[in-house]
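Can you keep this structure in mind? I'll have questions shortly.
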Amino acid sequence: MESKTRTVAELVTEGWGDHRPGLWFEDRVLTHHEVTAGAAARAALLADLLPPGAEPHVGVLLDNTPEYPLWLSAAALAGAAVAGINPTRRGPELARDILHTECRVLITEHTHLPLLTDLELPGVRVLLTDTEEYDALLAPYTTAVPDAAKAGPGDRLLLYFTSGSTGAPKAAICTQGRLAAAGASLVGQFGVRREDVHYVCMPMFHGNAVIADWAPALAAGAGVALRRRFSASGFLGDVRRYGATYFTYVGRAVQYILATEERADDRDNPLRLGFGTEAGVVDAEAFGRRFGVRLVEGYGSSEGGAAVQWSPGTPAGAVGRAAPGLVVLDPETGEECGPAVFDADGRLVNGDEAIGELVNRGPNPFEGYWRNPEAEAERRRDGAYWTGDLFYRDADGYLYFAGRADDRIRVDSENLAAAMIENILARYEGADAVAVYAVPDPVTGDQVMATLAGTFDPSAFARFLSAQPDLGTKMAPRFVRVVDRMPVTATNKIHRALLRREGVHCADPVWWRPPGEETYRRLAPKDAERPPAPTRGLSPVRRQGLEPRTR
């Protein structure tokens, strides 16, 4: 018999009568019952606040405070949807996000109130959660009892914005059924238990924190500990304080934690697992050695159209095995790319044939974007879901992440994987964080540029590159930008669009290796205006016998 699709509302109601501690935030502790009761009160309030005929959407402009999961749970009970509003957006862009998702109620607090100054938000009622007025507004509803019958699996629950290098962010739709199923899947994959505590330090306006951290905790009846905003220095103290056993991460968060002062007792912590993306092989291994915690790298498009799961036996550097329907296609021809070929040093030697866009030809839970048919058409093409992410696949069916579609690098007519180069450069002793991307070649194609956060010695860096057996002849950066701290987005992902846009024309020092030279030197203004094209012949690295095998 086919099992019934569950709703998040049903999961929320299971906390009713459960008096175990369930939500930690700073000095506050709420039981599962108190969380459910608070959600029921807010659901009843929301039903009275929404004008007749209005879309049941509530905007949440908050840090990771208890009000965030309370309103997520309330929206589930009310059959409504939460639009996570990014507090790093400003002015007309911020107003656009709120109005585009048709939020008639906006939940925020005094710390974010200045963001709304002078914004035109017609028909939007703003509630400040840290006021006596808010408490008084909730008071008549405190006896409300949770009722999951008002919601169905197909009801919208999340409208979360996915960023892009061009155009306004798109509001991806996630229904109650999909979120509940995602939570249950992670419970099974990682063996989440009722006694676990999930540490939510990534921003909850982003899908990672809600789908990969909060949802599995809710599905298993586990506890949740919140951090208002991510803090590398506060990470280990929080984990110990709350007894956290699981956390999620994105982007550079792991690197920031590793950059904190190392102590002899770092492994004395309750963590069992970290789950996320973009940590990189080098940092994942370093995290495991230092804290005794395994990091599992996964891949899942924010919209839910494709996912790759790690499994035992996955080769180093791979994300996981391709599930049925997942293929790597040439975005120009639509033909399937050939399997990756590696040399004895693990170097990809056929990037031209192997690197393409990950496409899901099988059934997938992509539920579209709110009022954005053009963006939906870009994702849904020829009956398949196109992720916009670059991968290559080995002969055994394992997939390797090569970067975003915007990260495509083509040097001397050869496709290179930005992610692979980043993993190699991350071994450099002075690198706290690394980003690799393309800048235009004066003749044709691209040149490789890297931004490095940390310390940089030009001679030592050149020697380091020459010693890396898996660094291909065209992979060494032509330009290296050195920064004190990597520019990141609100979700701790490297701000690659900004780096690509600025290129060599930036305020930070840029080093470059002119064609035919052995080491790097500072880029002079005259060179930045028209840097010489790289030679098409032998590079210093190749002369040392480190070129890839002939294909």
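In whole Hz, what ³J(HN,Hα) sequence does region 485-492 give by Karplus (6.51, -1.76, 1.60; θ = phi - 60°), x for Gly and Pro?
In residue order, the calculated couplings are 8, 5, x, 10, 7, 5, 9, 6 Hz.
Quick one: net charge around Arg485, please, counting Lys, Arg +1 and Asp, Glu -1 for every other residue with C-beta under 13 Å from its C-beta. If you can, show how the numbers build up before the last one.
Details: positive: Arg252, Arg481; negative: Asp432, Asp484, Asp508.
With Lys, Arg at +1 and Asp, Glu at -1, the net is -1.
In terms of modelled amide H atoms, which long-range or inter-chain residues lie less than 5 Å from the amide H of Val483?
Close amide H contacts, sequence-distant or interchain: Leu452, Ala453, Gly454.
Once you order the gyration tensor axes a ≥ b ≥ c over the Cα atoms, which shape class does region 269-426 get: rounded for a/c under 1.5, otherwise prolate or oblate by comparing a/b with b/c? Intermediate results must be reported in sequence, preceding the final value.
Values: a/c = 1.88, a/b = 1.23, b/c = 1.52.
Since a/c reaches 1.5 but b/c is at least a/b, the shape of region 269-426 is classed as oblate.
Check cross-link reach from Lys150 to the lysines: straight Cα distance under 30 Å, and skip same-chain residues fewer than eight apart.
Lys4, Lys170
Once each part is reduced to its C-alpha centroid, what is the distance from region 346-415 to region 478-525 in angstrom?
What the calculation gives is 26 Å, centre to centre.
Let me ask something else about it. Listing Phe479, Phe190 from the residue with the fewest other Cβ atoms within 10 Å to the one with the most, what is the order?
By the 10 Å Cβ count, ascending, the order reads Phe190, Phe479.
While we're on this one: Can you sort Tyr520, Tyr299 so the residue with the fewest Cβ neighbours within 10 Å comes first? Write down the numbers at each step before the final one.
On the way: Tyr520 23, Tyr299 19.
Result, fewest neighbours first: Tyr299, Tyr520.
Let me ask another. Where does the chain land at 222 nm, in deg cm²/dmol rounded to the nearest 500, when only DSSP H runs of n ≥ 4 count, each adding -39500 (n - 2.57), divided by all residues? Present the calculation step by step, with values, prior to reporting the outcome.
On the way: 17 runs with 146 residues, N = 551.
Roughly -7500 deg cm²/dmol at 222 nm, from the helical runs in the chain.
Right, something else. Taking θ as phi - 60°, what are the ³J(HN,Hα) couplings along region 375-384 by the Karplus curve (6.51, -1.76, 1.60), each to the nearest whole Hz, with x for Gly and Pro?
Couplings: 5, 5, 5, 5, 7, 9, 9, 6, x, 10 Hz.
Using a 10 Å cut-off on Cβ atoms, rank the peptides 8-17, 74-83, 37-46 from the highest mean neighbour count down. Please list the in-between numbers first.
Values: 8-17: 21.1, 74-83: 26.8, 37-46: 23.7.
Top of the packing list down: 74-83, 37-46, 8-17.
Evaluate the charge dipole of the chain about its Cα centre and quote only its size in Debye, nearest 20, assuming +1 on the Cβ of each Lys and Arg and -1 on the Cβ of each Asp and Glu.
Here the size comes out at about 720 debye.
Each residue of region 175-192 in order: what ³J(HN,Hα) in whole Hz does its phi give by Karplus 6.51 cos²θ - 1.76 cosθ + 1.60, θ = phi - 60°, with x for Gly and Pro?
Result, rounded to whole Hz: 8, 4, x, 5, 5, 5, 5, 5, x, 5, 4, 6, 4, x, 5, 10, x, 5.
Using Cα atoms only, what is the angle between the long axis of helix 232-242 and the major principal axis of the chain, expressed in degrees (0 to 90) to the nearest 10?
The two axes meet at around 40 degrees.
Output the 0 to 90 degree angle, nearest 10, between the alpha-carbon long axis of helix 91-100 and the longest principal axis computed from the alpha carbons of the chain.
Once rounded, one gets 60 degrees.
Determine the distance separating the Cα centre of region 109-149 from the Cα centre of region 151-203; give it in Å without decimals.
23
Within a Cβ distance under 11 Å of Phe366, other residues only, what is the Lys/Arg minus Asp/Glu net charge? Please report the intermediate quantities before stating the final value.
Working: positive: Arg178, Arg379, Arg380; negative: Glu303, Glu367, Glu376.
With Lys, Arg at +1 and Asp, Glu at -1, the neighbours total 0.
Around Met204, with a cut-off of 9 angstrom between Cβ atoms, what is the net charge of the other residues, counting Lys and Arg +1 and Asp and Glu -1? Can you show the working numbers first?
Numbers: positive: none; negative: Asp63, Asp213.
That works out to -2.
Can you give me the Cα centroid spacing of region 244-313 and region 1-71 in angstrom?
28
Would you pull out the residues with amide H under 5 Å of Ala306's amide H, same chain only if 5 or more places away, H placed 1.01 Å from N?
For Ala306, the qualifying residues are Ser301.
Which of Cys201, Cys337, Cys506 comes first, and how do the rest follow, when ranked by fewest Cβ neighbours within 10 Å? Don't jump to the answer; show the numbers that get you there.
On the way: Cys201 27, Cys337 23, Cys506 15.
Going from least to most buried by this count: Cys506, Cys337, Cys201.
Any read-out appearing in this document is the output of simple, stated calculations on the displayed coordinates, not a laboratory observation. This one's a predicted model, so the numbers in the text were calculated from it and none came from an experiment. Cβ atoms come from the backbone with ideal geometry, glycine included; neighbour counts cover every protein chain shown.
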